[in-house]
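Data first, discussion second: the structure below is written as structure tokens.
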Amino acid sequence: METSAEAPDATPFFGFLFYDAVHGYSHPPDFPRFTPYWEQINHMALGPDFDPEPYWNRYRTAARYVDAQLGRVLDDLERRGRLDDTAVVITSDHGESFNEHGRNYWGHGSNYTPEQVQVPLVMHLPGRPGGVLEGRTQHADIAPTLLEELLGCEAAPERYTLGRSLLAPGAPRDWLLSGSYMGYGILLPEYQIAVHPTGAFEAYDYRMNELEEVRPAPEVSREVLQALSRFYR
């Protein structure tokens, strides 16, 4: 049953939409493309001297297609008079590399550079003013933000998450964690530490230059290990 903006349906609802077009670099065949465009992806052709522009344009086209689908969702909420009182969160699980630093890194899951770990995060909370957050954030901040701002949760975030509310004041973070398939990354302001399942690690700057003399500060190592084991019983 359709509803109008004059008489919106007040029934609470929850929706989760996962668009994997950007993951597969796909879109409908008649969707407008950025050019030059890579018609047939062949990962075996990728290399340090491969021209990334056609590949990048295919990814950009997929991202624009997803953007159009998000626009349809928001337009529908507005048409039904639900946008103002509906919390909306738009984000992604990871970014993609296109050999930006000449180190032959493509796709995701291979390092913790900004190209792979920095993603959009747009959040609309009913009754809250808009603004831009300048500090470093993480996906783990989304849950406490929604629980505190929308559901009145009074439990301290550290009881159930490694994050904190995006709207709560807090000191700048010395480090953040980023997970990969097997290992994880410790993201510090000036460099990253890639930790492997064996416990071995390497330090890199954010252009993937190895920093052979850098070691994590003992207090950071201790805090990270405590965070990783906090919810194990």
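Observations, loosely collected:
- The numbered conditions (1) in the same structural domain as Val22 (by TED's automatic domain parsing); (2) loosely packed, with under 12 Cβ neighbours inside 10 Å; (3) farther than 30 Å from Trp56 by Cβ; (4) not acidic (Asp, Glu) are all true for Arg159 except (1).
- Residue count for the stretch 120-149 under the criterion of being among the hydrophobic types (A, V, I, L, M, F, W, C) and assigned to a helix (DSSP H, G or I): the result is 5.
- Picking from residues in the stretch 68-80 that are surrounded by 13 or more Cβ atoms within 10 Å (Cβ to Cβ) and charged (D, E, K, R), the one that is nearest to Pro12 (Cα to Cα) is Arg80.
- Within the stretch 141-156, tally of residues that are surrounded by fewer than 12 Cβ atoms within 10 Å (Cβ to Cβ) and farther than 17 Å from Asp85 by Cβ: 3
- Pick from the stretch 203-233, criterion part of a loop (DSSP other than H, G, I, E, B) and of a type in the set (Lys, Arg), ranking: farthest from Tyr160 (Cα to Cα): Arg207
- The criterion of being basic (Lys, Arg), more than 20 Å from the chain's Cα centre (by Cα) and loosely packed, with under 12 Cβ neighbours inside 10 Å does not hold for Arg230.
- Subset tally (residues that are out of contact with any helix residue (DSSP H, G or I) (no Cβ under 8 Å at 6 or more places or on another chain), within 10 Å of Trp175 (Cβ to Cβ) and part of a loop (DSSP other than H, G, I, E, B)) for the stretch 185-202: 1
- If the condition is being hydrophobic (A, V, I, L, M, F, W, C) and either touching a helix residue (DSSP H, G or I) at 6+ places or on another chain (Cβ under 6 Å) or outside the structural domain of Ala10 (by TED's automatic domain parsing) (or both), then the stretch 90-108 contributes only Phe98.
- Residue selected from the stretch 126-166 under the condition aliphatic (A, V, I, L, M) and in contact (Cβ under 8 Å) with a residue 40 or more places away in the chain, by the criterion farthest from Leu188 (Cα to Cα): Leu150
Every residue, every condition in (1) over 18 Å from Ile41 (Cβ atoms); (2) in contact with a strand residue (DSSP E or B) (Cβ under 8 Å, 6 or more places away or on another chain), yes or no:
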| residue | (1), (2) |
| --- | --- |
| Tyr59 | no, yes |
| Ala63 | no, no |
| Arg72 | yes, no |
| Arg82 | yes, no |
| Val88 | yes, yes |
| Glu96 | no, yes |
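- Ser178 being assigned to a strand (DSSP E or B) and either touching a helix residue (DSSP H, G or I) at 6+ places or on another chain (Cβ under 6 Å) or assigned by TED's automatic domain parsing to the domain that holds Val88 (or both): yes
The values are calculated or read from the model by the stated rules, or taken from the named source; none is laboratory data. These numbers come from a predicted model, not from an experiment. Every residue, glycine among them, receives a Cβ derived from its backbone with ideal geometry; neighbour counts consider all protein chains shown.
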